[in-house]
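Enquirer: Sharing a structure below in structure tokens format, with a few things to ask.
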Amino acid sequence: MTSYLGAYALFGGLDAQQEARGYAALREWNLAGLELPSVNLAPGWLTEHTDPAWDLLVTCIPAVMAALATDRTYGLASPNPEGRAAALADARRALERAASVDEMAGRRRVSAVQIHSAPSLSAQAEPFARSLDEIARWGIDVPIAVEHCDAPRAGGAHVKGFLTLADELAVLAGRNVKLGINWGRSAIEGQSSEAAHEHVAAAAAAGLLAGVIFSGATDQSTAWGPAWGDMHIPPRGEDPALAESAASLLDAAAISAALPFIPSGGYRGLKVSVRPLEASVEARLAVGKAGLCLLESSLGV
């Protein structure tokens with residue numbers, strides 16, 4: 001396997017001992033690396049849970065959503081100066097931690113830090129552009145990718161409700177920052193698998209696609225919750241471990257359609273969660289492996 005795995009979602013809800021057992025099992029897999037939250041960049045956590053050969057794709061989305069729960073003005077695209085300043089401070093901490101990880105590894109271990117165009121519903125392109133310019137002036141030598149999350153739909157429906165893809169691509173034009181697509185979040189925005197494909201293609205056409213994380217979405221109510229929830233439902237496939245996610249819109253055909261757009265040097269990976277919440281470590285590993293095998297088989301690996 002040559003892809004990233006969002007293991008923090010796969011192992012979500014496990015106690016510390018179970019989580020450690022899950023990460024230990026992953027050392028036997030041929031992973032490119034992990035997608036992981038910025039909080040997990042602590043040296044002790046990395047030593048205990050990761051293989052030093054793995055690269056790391058860092059996401060700030062857990063921290064962003066936690067901040068938004070108490071401050072609706074928080075975000076790099078916020079028109080509110082205090083909300084934008086708070087998000088910039090968090091982004092700087094994440095980038096500095098990532099740079100420290102690279103320094104300790106003696107190589108480029110962090111392939112990118114994914115940042116986001118929050119806040120919900122009030123994000124604006126102009127303050128987001130100013131935030132990116134300020135980040136560039138810090139001179140921290142870590143690649144950055146803006147991870148696109150669903151934008152508000154007609155009538156105000158949304159899950160994340162950040163900037164539109166068009167606004168993000170316009171801001172990124174001419175800047176040394178690319179854009180990452182989470183397949184499921186783009187499908188949620190357009191309420192179709194075609195929307196996810198269109199987002200991948202649009203970012204690639206602009207020369208700005210950093211990579212794709214394959215996380216599912218569904219138009220049905222399932223054990224993961226109501227339709228169109230951002231719950232990382234696994235792909236559907238023939239492996240028995242994927243039986244529970246038969247309603248997922250993400251399948252081998254959707255993966256195969258997106259893969260050719262990922263540029264050389266770009267990332268690809270899988271982020272899934274498992275139901276029931278009481279699922280064992282072994283059951284979670286089976287789902288993760290089945291999803292990764294579906295991704296790898298679409299590559300012809």
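Enquirer: Select from region 83-114 the residues that are within 20 Å of Gly161 (Cβ to Cβ) and touching a strand residue (DSSP E or B) at 6+ places or on another chain (Cβ under 6 Å) and list them in ascending order.
Expert: Hits for region 83-114 are Ala91, Gln114.
Enquirer: With the checklist (1) in a loop (DSSP other than H, G, I, E, B); (2) in contact with a Phe, Trp or Tyr (Cβ under 7 Å, 6 or more places away or on another chain) in hand, flag the one item Ser111 doesn't pass.
Expert: (1)
Enquirer: Here's another thing I want to ask about it. Checking the conditions here, which among Pro263, Pro235 is surrounded by fewer than 20 Cβ atoms within 10 Å (Cβ to Cβ), closer than 27 Å to Val58 by Cβ and in contact with a strand residue (DSSP E or B) (Cβ under 9 Å, 6 or more places away or on another chain)?
Expert: That would be Pro263, the only listed residue that is surrounded by fewer than 20 Cβ atoms within 10 Å (Cβ to Cβ), closer than 27 Å to Val58 by Cβ and in contact with a strand residue (DSSP E or B) (Cβ under 9 Å, 6 or more places away or on another chain).
Enquirer: Same structure, new question: Report yes if Arg93 is surrounded by fewer than 16 Cβ atoms within 10 Å (Cβ to Cβ) and in a loop (DSSP other than H, G, I, E, B), otherwise no.
Expert: no
Enquirer: Give Pro81, Pro43, Pro52 a once-over and let me know the one that is exposed (fewer than 15 other Cβ atoms within 10 Å of the Cβ) and modelled with pLDDT under 95.
Expert: Only one candidate qualifies: Pro43.
Enquirer: What are the residues in region 169-201 that are surrounded by fewer than 21 Cβ atoms within 10 Å (Cβ to Cβ) and of a type in the set (Asp, Glu), if any?
Expert: Glu194, Glu198
Enquirer: Inside region 257-279, can you point out the residues that are touching a residue at least 40 places away in the same chain (Cβ under 8 Å), over 12 Å from Val212 (Cα atoms) and among the hydroxyl-bearing types (Ser, Thr, Tyr)?
Expert: Ser273
Enquirer: One residue is enough: does region 73-81 have a residue meeting the conditions touching a residue at least 60 places away in the same chain (Cβ under 8 Å) and of a type in the set (A, V, I, L, M, F, W, C)?
Expert: Checked against the condition, which is being touching a residue at least 60 places away in the same chain (Cβ under 8 Å) and of a type in the set (A, V, I, L, M, F, W, C), region 73-81 yields at least one hit.
Enquirer: Step by step: first the residues of region 22-40, then only those that are in a strand (DSSP E or B) and of a type outside the set (A, V, I, L, M), then the one that is surrounded by the fewest Cβ atoms within 10 Å (Cβ to Cβ). Which residue is that?
Expert: The selected residue is Pro37.
Enquirer: Considering each residue of region 44-74, count those that are β-branched (Val, Ile, Thr) and either part of a strand (DSSP E or B) or within 13 Å of the chain's Cα centre (by Cα) (or both), and give that number.
Expert: 4
The values are calculated or read from the model by the stated rules, or taken from the named source; none is laboratory data. Bear in mind that the values here come from a model prediction, so they are computed numbers and not experimental data. When we count neighbours, we look across all protein chains shown, and the Cβ atoms used for this are built from the backbone with ideal geometry, even at glycine.
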